[in-house]
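Data block below; observations after.
Quick note: the coordinates plus some simple rules give every number you see, no bench work behind them. Fair warning: this is a prediction, and the values are worked out from it, not measured in the lab. Cβ atoms come from the backbone with ideal geometry, glycine included; neighbour counts cover every protein chain shown.
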Amino acid sequence: MQSLVLITILLEGKSEIIPSHLCQALNFSKAGLSHILSNLESKGLLKRTVKEEDARSLKLHLTQPGISKANKLVKILDLFEKDLEQALGVQRLSLLLSGLEDFKKSLNSSL
């Protein structure tokens with residue numbers, strides 16, 4: 001989950017992001033995201049700062065090590081995706097993705 005947070009912040013292409021945007025984008029609870037952010041901050045990969053215009057709000061920034069880690073993760077995922085496409089082929093990969101989408105819908109309806 002920490003990797004997803006790092007990659008999402010990096011790919012948003014903004015210098016800062018607010019936690020509620022991450023919760024919405026990743027479908028995380030506020031408590032779950034807070035725990036992930038604390039772990040990333042303790043590792044020096046992320047920094048939380050209070051917004052100047054609203055002291056009740058936070059903004060998140062990747063640190064330089066966080067940017068480096070997120071870039072490495074993106075490269076790993078890209079290689080994995082290419083390997084998966086080669087191993088399965090387009091048709092079987094499409095079936096896999098369709099099955100995963102059905103699985104997701106089934107989980108959501110049971111919650």
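Selection of the stretch 67-106 for residues being surrounded by 12 or more Cβ atoms within 10 Å (Cβ to Cβ) and of a type in the set (Ser, Thr, Tyr) yields only SER68. When LEU10 is tested against (1) assigned to a helix (DSSP H, G or I); (2) surrounded by fewer than 15 Cβ atoms within 10 Å (Cβ to Cβ); (3) not hydroxyl-bearing (Ser, Thr, Tyr), just one condition goes unmet, and that condition is (2). Looking across the stretch 1-35, the residues that are within 13 Å of the chain's Cα centre (by Cα), of a type in the set (S, T, N, Q) and under 20 Å from ILE67 (Cβ atoms) come down to GLN2, SER3, THR8. The test for being more than 13 Å from ILE7 (Cβ to Cβ), among the hydrophobic types (A, V, I, L, M, F, W, C) and touching a residue at least 24 places away in the same chain (Cβ under 8 Å) holds for LEU58.
Residues checked against (1) touching an Asp or Glu at 6+ places or on another chain (Cβ under 7 Å); (2) closer than 22 Å to LEU77 by Cβ; (3) assigned to a strand (DSSP E or B):
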residue	(1), (2), (3)
LEU4	no, yes, no
LEU33	no, yes, no
LEU37	no, yes, no
GLU52	no, no, no
LEU60	yes, yes, yes
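The set of residues from the stretch 13-31 being assigned to a helix (DSSP H, G or I) and surrounded by 13 or more Cβ atoms within 10 Å (Cβ to Cβ) comprises PRO19, HIS21, LEU22, CYS23, ALA25, LEU26.
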